[in-house]
Amino acid sequence: MVEFYEASQGESETECSHETDGEEIEPISEDEEITSVSSSLKHEKLNSIQKFRRSKRKTKALGELRRKVEEAIDGKSLFERTTHEDSVNEGEGKEENFREIRLWGVPLLPSKGDEGTDIVLMKFLKARDWKVTEAFEMLKKTLAWRKEHKVDGILEEELGDDDLAQVVFVKSTDRDGHPVCFNVYGAFQDKELYKKTFGTEESLKRFLRWRVQVMEKSIKRLSFVAGGVDSLLEITDLRNSPGPSMKELGPASEAAVTLFQQHYPELIYKNIIINMPFWYYMYHRVLIQRCGPRTRRKFIFARPYRVTETLLKYISPENIPVEYGGLKRDTNEEFTPEDKVLEFTVKGGANACIEIPVLEAQVTIVWDLMVVGCEISYKEEFVPDDEGSYRVLLQKEKKITGSSRNSFYLHETGKIVISLRNGSYHKKSVFCRYKLKVTLPMYILHKEQMKVSFSDQIPA
């Protein structure tokens, strides 16, 4: 069992306690207490009434939108016909096929009784503040846009190359199961990639279509059922991203945001923007005005020194990539997401120790250490159970930023001791996980290989 010890370097517990310095606190009278309770009950009652009215309004709006969609499908008027050709094709379509219309894999005909239908319709209602007519028009425009641009078949197209795979990708999930989609604009520092992506109007259109394809792939990870995860968590990393001088990137990003807002409502749970440079503040103030109030509330900003701390509010440490201070590695053969991560808190100005006992010999122990912030120093050593054996220094004291991994082969039982020193005045969170595996040290493997090699050379 892992043990954690802490020793404060600051004031004693008595010195840190709050005192009234002899000041008498006037007790609350009985009448004041009754008035306070009455006011609290009245406030709770008002909240309950408002909550009931909002729920009733939403239920009514959903019922009206269901009716409109049902009537539009039966009357073959759900699609907005923007061209004569669309009108002709629509008229020649069979009713049976038209009634099978789906959005994001979910049937839109309410009478089919699919539980995902209401979930999809609710997204359009939320995006339009529960205004049925506006939500219905948004749905019709989305379906028309998908038909015009043949979005339903976009997953079969070859649009992106390996270089773009490092720009937008889905990696892990958050604490509530939302797929986490990363947008890493620093990749566009590569001038060749930038020119290939935004150099011409045709390449820009291709990039936007590729972004739609990535969104459609991400939607495949969602579950439009009761209690299912039906939205994504987006993280936009602006570290080393091209500045205002590369003027094509701004309009491209703006076009993508507008496209997703118009045709993918309420599919983004949160949009966390990290490593934000100063110039982005002004650009974002202009861009955000084009988004609705609900969309604006979804944006969360984190400067470079707050990245790990911000991500931890939404993503568990084992699912945060190491480049953002977490424990997740692209090639991680040592740990799985199911391996337990222990969390400790080191008070400001305090020293602490994490002790990992190892009760068997001839094993290798591997451990990860993660610290939020950069003011903590750490040292790692092996302390044997046998007092006659020597301690082994595994890591000299140094400051840790983000996370680190270490391993050690044990000839004898003992414990791994990780000493921590918090040089700041604020408490810091520390995460640790470890695993034991039966292995042979490299020098023994090398010795056995030498024996085999030598025996092969001896003539029979």
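The values are calculated or read from the model by the stated rules, or taken from the named source; none is laboratory data. The shown structure was predicted, so the numbers you read here are calculated from the model rather than taken from an experiment. For neighbour counting, all protein chains shown are included, and Cβ atoms are generated from backbone atoms with ideal geometry for every residue, glycine included. We work out accessible area using only protein heavy atoms, side chains counted, and drop any ligands, DNA or RNA first. Shrake-Rupley method; radii C 1.70, N 1.55, O 1.52, S 1.80 Å.
What the table below lists for this structure:
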| quantity | calculated |
| --- | --- |
| Conditions (1) in contact (Cβ under 8 Å) with a residue 12 or more places away in the chain; (2) under 30 Å from Ala302 (Cα atoms); number of the one not met by Asp162 | (1) |
| Selection count, the range 392-429, where residues are buried (at least 16 other Cβ atoms within 10 Å of the Cβ), of a type in the set (Val, Ile, Thr) and free of Cβ contacts under 8 Å to residues at least 60 places away in the same chain | 1 |
| Count of residues meeting criterion [in contact with an Asp or Glu (Cβ under 9 Å, 6 or more places away or on another chain) and either exposed (fewer than 12 other Cβ atoms within 10 Å of the Cβ) or modelled with pLDDT of 90 or more (or both)] in the range 153-177 | 2 |
| Residues of the range 261-272 classified as surrounded by fewer than 19 Cβ atoms within 10 Å (Cβ to Cβ) and over 13 Å from Lys123 (Cα atoms), total | 1 |
| Of the criteria (1) modelled with pLDDT of 90 or more; (2) open to solvent by 80 Å² or more (accessible area, probe 1.4 Å), which one Arg433 fails | (2) |
| Residues (at pLDDT below 90, surrounded by fewer than 15 Cβ atoms within 10 Å (Cβ to Cβ) and either among the charged types (D, E, K, R) or not in a helix (DSSP H, G or I) (or both)) located in the range 68-98 | Asp74, Gly75, Lys76, Ser77, Thr82, Thr83, Glu85, Glu92, Gly93, Lys94, Glu95, Glu96 |
| Residues of the range 201-228 classified as more than 26 Å from Arg175 (Cα to Cα) and aliphatic (A, V, I, L, M), total | 2 |
| Extreme residue, modelled with the highest pLDDT, among residues of the range 99-117 that are among the small types (Gly, Ala, Ser) and in a loop (DSSP other than H, G, I, E, B) | Gly105 |
| Sole exception among (1) within 27 Å of Glu201 (Cα to Cα); (2) open to solvent by less than 50 Å² (accessible area, probe 1.4 Å) for Leu222, by number | (1) |
| Leu233 being touching a residue at least 60 places away in the same chain (Cβ under 8 Å) and closer than 24 Å to Pro277 by Cβ | yes |
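Listed here are the residues, each with its yes/no results for (1) in contact with a Phe, Trp or Tyr (Cβ under 6 Å, 6 or more places away or on another chain); (2) within 29 Å of Glu137 (Cβ to Cβ); (3) part of a helix (DSSP H, G or I); (4) not charged (D, E, K, R).
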position	(1), (2), (3), (4)
Gly186	no, no, yes, yes
Tyr194	yes, no, yes, yes
Thr197	yes, no, yes, yes
Lys205	no, yes, yes, no
Arg209	no, yes, yes, no
Ser241	yes, no, no, yes
Ala255	no, yes, yes, yes
Gln262	no, yes, yes, yes
